[in-house]
Amino acid sequence: MDKKERVAMEEFGFALRVAREKRGLTQTQVMQLTGINNKTLSGYENGVSEPDLQTLATLLRLYHASADRLLRLESRPQARGLSADEAQLLALYRALPEETRGEVSAMLRALADHHREST
């Protein structure tokens, strides 16, 4: 698996975990509701493995999530000239809840200010 594929799997796994957490579900609850065992779900969420289409559809229904959003079928950041690492950071940022995005932005600004002051 090349770096782009690995990044895409990690992005997907992170988005899957965020969708589960937004619904307030634990992995154990997902297992009880779907029959997908914890180790398998953990593999999906950590970008180690991918669900088959039927399993993905089950998770999308349970999480009330759209395939477009979860699979990030909108334009890919690489098309706009971002490196794979930058694209991964952007995807992780976009997967965060709005209130957490503000916290992350504030931390990044503080780090950038500190770096500017120290150079």
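Overview of results
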item	result
Selected residue [more than 18 Å from residue 13 (Cβ to Cβ) and either among the aliphatic types (A, V, I, L, M) or in contact (Cβ under 8 Å) with a residue 12 or more places away in the chain (or both)] from 112, 87, 57, 95	112
Answer residue from segment 57-95, given it is among the polar types (S, T, N, Q) and modelled with pLDDT under 70 and is farthest from residue 26 (Cα to Cα) among those	78
Helices (runs of 4 or more DSSP H) within segment 1-95 that include 3 or more residues more than 27 Å from residue 105 (Cα to Cα)	27-34, 38-45, 53-63
Cross-chain or 6+ apart pairs with Cβ under 9 Å, segment 24-35 first and touching a residue at least 12 places away in the same chain (Cβ under 8 Å), then aromatic (Phe, Trp, Tyr) and surrounded by 16 or more Cβ atoms within 10 Å (Cβ to Cβ)	25/63; 30/63
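The values are calculated or read from the model by the stated rules, or taken from the named source; none is laboratory data. These numbers were taken from a predicted model, which means no experiment stands behind them. Note: ideal-geometry Cβ built from the backbone for every residue, glycine included; neighbour counts use all protein chains shown.
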